[in-house]
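Enquirer: First the structure, which I've put down as C-alpha cells, then a few questions once you've had a look.
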Amino acid sequence: MKITFELPTIQEYIHLQAKAGRTTVDESLVERALSHTLLSILVRNDQNELIAMARVVGDGALYYHIVDHIVTSSARDISDQMLEKLLSALYENASTSTTKAEIAVMTDLNGIKMYQNAGFKLVYPDRYGMIHEGAAERPD
C-alpha cells in the first residue's frame, strides 16, 4: 500500500464513496468540496486504486475539521496509520510554541475508539456539538 498527501480526482472520490457504501454526490459539489481541502491523505493499493482517504478543512490557522475519513473493507487495517500521519502533518503546520490548533472530528459510534486511541477526547459535558443538514431547505 502507498500513502500520499494529495487530492483524489473527482471520479476517484465518487468511486471510493460508492465502494464504501456512502451516498454519492454530484460531480460539481465534489469538485467544489475538494477545492476547499487544506490537507488530504490517500491510500492506494498495489494496483494504484484508491482504497482509503481523509481530508481536512478549516481556516488554515486555528481550527481544523477532519472530514471524509473513508476506508474500504480492504484497507481497514491501515485506518489508524492513516490518521496518525494526517495528524502529524497537521500539527507540523498548524501549531506554534504558544498556540495549539484545535482539530475536530464528527464520527459514528464505531469510529469513537479509533479517534480516542489517536488522542481525541469527547467534549461533552464541557461542549455540545450540533449540525444543520437543511442547507437546501433554509427557512426564508
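The values are calculated or read from the model by the stated rules, or taken from the named source; none is laboratory data. Note that the structure is a prediction, hence the values are computed from the model and not measured. Backbone-built Cβ (ideal geometry, glycine too); neighbour counts: all protein chains shown. For the accessible areas, the whole protein counts, side chains as well, though only heavy atoms, and no ligand, DNA or RNA atoms are used. Shrake-Rupley method; radii C 1.70, N 1.55, O 1.52, S 1.80 Å.
Enquirer: For region 116-123, check the following and say yes or no: at least one residue is surrounded by 10 or more Cβ atoms within 10 Å (Cβ to Cβ), more than 18 Å from LEU62 (Cα to Cα), within 15 Å of the chain's Cα centre (by Cα) and modelled with pLDDT of 90 or more.
Expert: Yes, the conditions are met somewhere in region 116-123.
Enquirer: So which residues in region 73-86 are buried (at least 19 other Cβ atoms within 10 Å of the Cβ) and free of Cβ contacts under 8 Å to residues at least 60 places away in the same chain?
Expert: LEU83, LEU86 - these are the residues of region 73-86 that are buried (at least 19 other Cβ atoms within 10 Å of the Cβ) and free of Cβ contacts under 8 Å to residues at least 60 places away in the same chain.
Enquirer: If you don't mind, there's one more thing I want to ask. In region 116-132, is there at least one residue being among the aliphatic types (A, V, I, L, M) and not in a loop (DSSP other than H, G, I, E, B)?
Expert: Within region 116-132, not a single residue is among the aliphatic types (A, V, I, L, M) and not in a loop (DSSP other than H, G, I, E, B).
Enquirer: Could you please let me know if GLN47 is touching a residue at least 60 places away in the same chain (Cβ under 8 Å) and open to solvent by 30 Å² or more (accessible area, probe 1.4 Å)?
Expert: Spelling it out, it is not the case that GLN47 is touching a residue at least 60 places away in the same chain (Cβ under 8 Å) and open to solvent by 30 Å² or more (accessible area, probe 1.4 Å).
Enquirer: Then there's this: Test each condition in (1) touching a residue at least 12 places away in the same chain (Cβ under 8 Å); (2) open to solvent by 90 Å² or more (accessible area, probe 1.4 Å) for GLU6 and report the one that comes out false.
Expert: So GLU6 meets the others, but not (2).
Enquirer: If you check VAL25, VAL30, VAL56, which single one turns out to be at pLDDT 95 or above, open to solvent by less than 80 Å² (accessible area, probe 1.4 Å), over 25 Å from TYR91 (Cα atoms) and not small (Gly, Ala, Ser)?
Expert: VAL30
Enquirer: Then there's this: Being under 23 Å from MET114 (Cα atoms), modelled with pLDDT of 95 or more and under 11 Å from the mean Cα position of the chain (by Cα), is that true of even one residue in region 9-19?
Expert: Checking region 9-19: not a single residue is under 23 Å from MET114 (Cα atoms), modelled with pLDDT of 95 or more and under 11 Å from the mean Cα position of the chain (by Cα).
Enquirer: Another one. Testing LEU42 on (1) crowded, with 19+ Cβ neighbours inside 10 Å; (2) aliphatic (A, V, I, L, M); (3) part of a helix (DSSP H, G or I), one condition comes back false. Which one is that?
Expert: Answer for LEU42: the failing condition is (3).
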